[in-house]
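For reference, the structure is listed below as structure tokens.
The values are calculated or read from the model by the stated rules, or taken from the named source; none is laboratory data. These numbers come from a predicted model, not from an experiment. Quick reminder, even Gly has a Cβ in these numbers, built from the backbone with ideal geometry, and neighbours come from all protein chains shown. Ligands, DNA and RNA are excluded from the accessible area calculation, which covers all protein heavy atoms including side chains. Shrake-Rupley method; radii C 1.70, N 1.55, O 1.52, S 1.80 Å.
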Amino acid sequence: SSAAFVGSNLPVAAPVDPVDFRMAPAQEVFFPIRELSTYQAKWTIKARVTNKAPLREWKKGDRSGKVFSVDLLDAEGGEIRASFFNEAVDAFYEKLQVGKCFTLSKGSVRIANRQYNACKHRYELVFDKIAQVESVQDDSNILTVSFNVVNLRSVKDKTLPASVDVCGIITSFGDIVAFTSKDGKSLVKRVLTIADDSAVSMQVTIWGTRAEQDDSKFSNNPAVAMKGVFVKEWQGGLAGSLLESGALVLNPTDVPEAAKVKDWWMQGGSSQTLTFISETSGGSAAQEGKKMSVEEMRRASEQVSGTELYTLYCRLSQVQTRKQGESQPLFYPACMELKENGKDCQKKLDSSGFCAACNKANPKAGTRMNLRCRFVDGTDGFWVTTFHEAAQKAIGMKAEEAKMMEENQGREALENALKKSYNDRPLKLTVRAKMDNYNNELRTNVTCTNVQPVSYGEHGRAMLNEIREMISMKCE
């Protein structure tokens, strides 16, 4: 009975405070960006603004307005583009700052226009006057920018055009170029050449304030990560252009691929033969020529009736530096004024520095190379006119470097440097043969339009396939 406990030595429990059964506020759950689709009508996301496009005005028929866009990244790594129109511009353009975190709701979801969108999401968001955007405390779980890096070799195999993220070493960079577009806009651009540990290099054009950064930012081969590089085919090569909505980070510390390409560059990548995938054919879309030996090309070119391209694997054996004892010019001053089509003029300047094509005295000038080269393989050799880009690849020297060497060290030093490239390495040549009228006489004109270092692996596999084909034909 209860009386049995009276006076016992059992410990007495300490008094307990009354329990507060009121529920603590639950932590708010946000919708993952990667799961956004047209099937969700109500959602709230929490994200960091990683990029913000300039405000622009639009007009379509009798309707007009204004719009800007931002790229949003959440803690799970999901990214999406969000566009704000008209009243939403007034409410949020100043508020939404790059690097800050926000919650966003009451927007609509639509299929993304991937061509001008650096985000990989299938959808994008649209906000109007009913949008809700609130500033929140910074969330350390959300990165400042997210890269989905692919190596440059894999870019060649993508269905183009495509938007990719890349990371590489800046091997060279061009001057800042300012020009006016066809619709009257003042634009600024700069071309970077980047390479990565897949032994491939590519040119990427950057625009605006990114291009206007001081040359020192791009000097000494820094690593660079670029998000949203729009790649398309251009004159036989692949051209990259960094989207306005993309990102450029020099010497990034939180991108694993940056450390990887730095190590590659320091441990021999800087002297490695690279496959340049932005090489152009000088105006017309390049295509793979008929593969043949030099001997076969000589015979085929004699019978050409229109224009034909041939692909040859051979070596440079000589550059014509003298003719009848006189030194031959290897380069010339060229007009580099930008034409309406966005390309450099490249016409030869006269002795006074006048460009007849532009009708301009002392225009912006550059050095263009024009060589007469002899290439040989195991069957024969031939002399061919080799223009600027192809000539530079053939001798492994830029036109400006050759000019400086001749001016500072003399012609003999330049000719000795050229001899070092003779029979140095196998090259893949594209030559064009076409009928020309010269002094009322039809004759074949053969020019070299493209030179690339041979990829030993690719060429070896191609030769192995040829051997297999010959063996199978013999067995039949």
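Need one value: the accessible area of LYS348 in square angstrom, 1.4 angstrom probe, rounded to the nearest 10.
Taking all protein chains as shown, LYS348 has close to 140 Å².
In whole percent, and with a 1.4 Å probe on the protein chains, what portion of the accessible area of segment 66-224 is carbon and sulfur?
On the way: 3460 of 7620 Å².
For segment 66-224, the apolar C and S fraction of the accessible surface comes to 45 percent.
Just to confirm, what accessible area per residue do you get for the chain at 1.4 Å probe, in whole Å²? Intermediate results must be reported in sequence, preceding the final value.
Working: 28040 Å² over 476 residues.
Per-residue value: 59 Å².
In whole angstrom, how long is each semi-axis of the equivalent ellipsoid of segment 69-208, when you take the square root of 5 times every eigenvalue of its Cα gyration tensor and sort them from largest down?
31, 21, 15
Looking only at Cβ-Cβ distances, which cysteines of the chain have no other cysteine closer than 4.7 Å?
Among the cysteines of the chain, those whose Cβ sits 4.7 Å or more from every other are CYS101, CYS119, CYS167, CYS314, CYS373, CYS448, CYS475.
Evaluate the Debye formula for the chain with equal point scatterers sitting on the alpha carbons, no solvent, and hand back log10 of I(q)/I(0) at q = 0.08, 0.10 Å⁻¹, in q order, two decimals.
Reported log10 I(q)/I(0), two decimals: -0.65, -0.92.
Are there GluC sites (Glu not before Pro) in segment 112-217 that DSSP marks as loop and that have at most 10 other Cβ atoms within 10 Å, and which are they?
none
Among all the lysines, which ones have a C-alpha under 24 Å from LYS428's C-alpha, if same-chain residues fewer than 8 places away are not counted?
LYS156, LYS158, LYS232, LYS290, LYS291, LYS393, LYS398, LYS419, LYS420
Could you tell me, in Å, what Rg and Dmax come out for the Cα atoms of segment 280-427?
Both quantities, over Cα of segment 280-427: 17.2, 49 Å.
Accessible area, 1.4 Å probe, largest first: how do MET266, MET470, MET297 sort?
On the way: MET266 155, MET470 120, MET297 5 Å².
Solvent-accessible surface, decreasing: MET266, MET470, MET297.
Please work out how much length the chain gains when fully extended from LYS291 to LYS59, using 0.36 nm per residue of separation minus the C-alpha to C-alpha distance, in nm with one decimal.
Going from the current span to full extension adds 78.3 nm.
Any chance you could run the full-extension gain for TRP383 through TRP207? It's 0.36 nm times the residue separation minus the Cα-Cα distance, nm to one decimal.
59.3 nm
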